[in-house]
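All of the numbers you see were taken from the coordinates with simple rules; none came from a lab. Since we're looking at a predicted model, the values are computed, not measured. Cβ sites come from the backbone with ideal geometry, for glycine too, and all protein chains shown count toward neighbours.
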Amino acid sequence: MRILQVATEQAYPVYIGCHLLEGCGERIRQVHSPSRVGLVTDSIVERFYLDLVQSSLEHVGFHCTPFVFP
């Protein structure tokens with residue numbers, strides 16, 4: 001995995017690599033307490049990634065509501 005630091009007024013990291021979505025819940029929990037989140041996607045991306053991302057987030061305590069657009 002590579003981490004690029006984006007140098008804006010409020011810097012933030014961008015993670016680049018394979019299989020990062022499986023652990024996205026844990027990575028997000030490191031910077032934000034579990035809460036309710038909306039997962040916004042379209043119907044094409046939903047087929048490939050929604051279940052994986054939602055599962056990862058819910059595993060660490062987030063409550064997800066998906067919003068899927070055609």
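Placing a pseudo-label 7 Å from each Cα along the Cα-to-Cβ vector at LEU4 and THR41 gives an inter-label distance of 2.3 nm. The candidate values were (1) 11; (2) 34; (3) 38; the one computed from these coordinates for percent of Cα pairs over 21 Å apart carries the label (2). Taking amide H as placed 1.01 Å from N in the peptide plane, the amide H of LEU39 sits under 5 Å from that of THR65, PHE67, each at least 5 places away or on another chain. Remark: the GLN30-PHE48 segment gains 4.0 nm on full extension, using 0.36 nm per residue and subtracting the alpha carbon distance. Taking the charge dipole of the chain about its Cα centre, with +1 at Lys and Arg Cβ atoms and -1 at Asp and Glu Cβ atoms, the residue from LEU4, VAL60, GLY25 reaching farthest to the positive side is LEU4. When shorter helices are ignored and each DSSP H run of at least 4 residues is given -39500 (n - 2.57), the per-residue value for the chain at 222 nm works out to -5500 deg cm²/dmol.
Distance between the modelled labels on LEU20 and SER55, one decimal in nanometres: 2.0 nm (7 Å Cα→Cβ projection).
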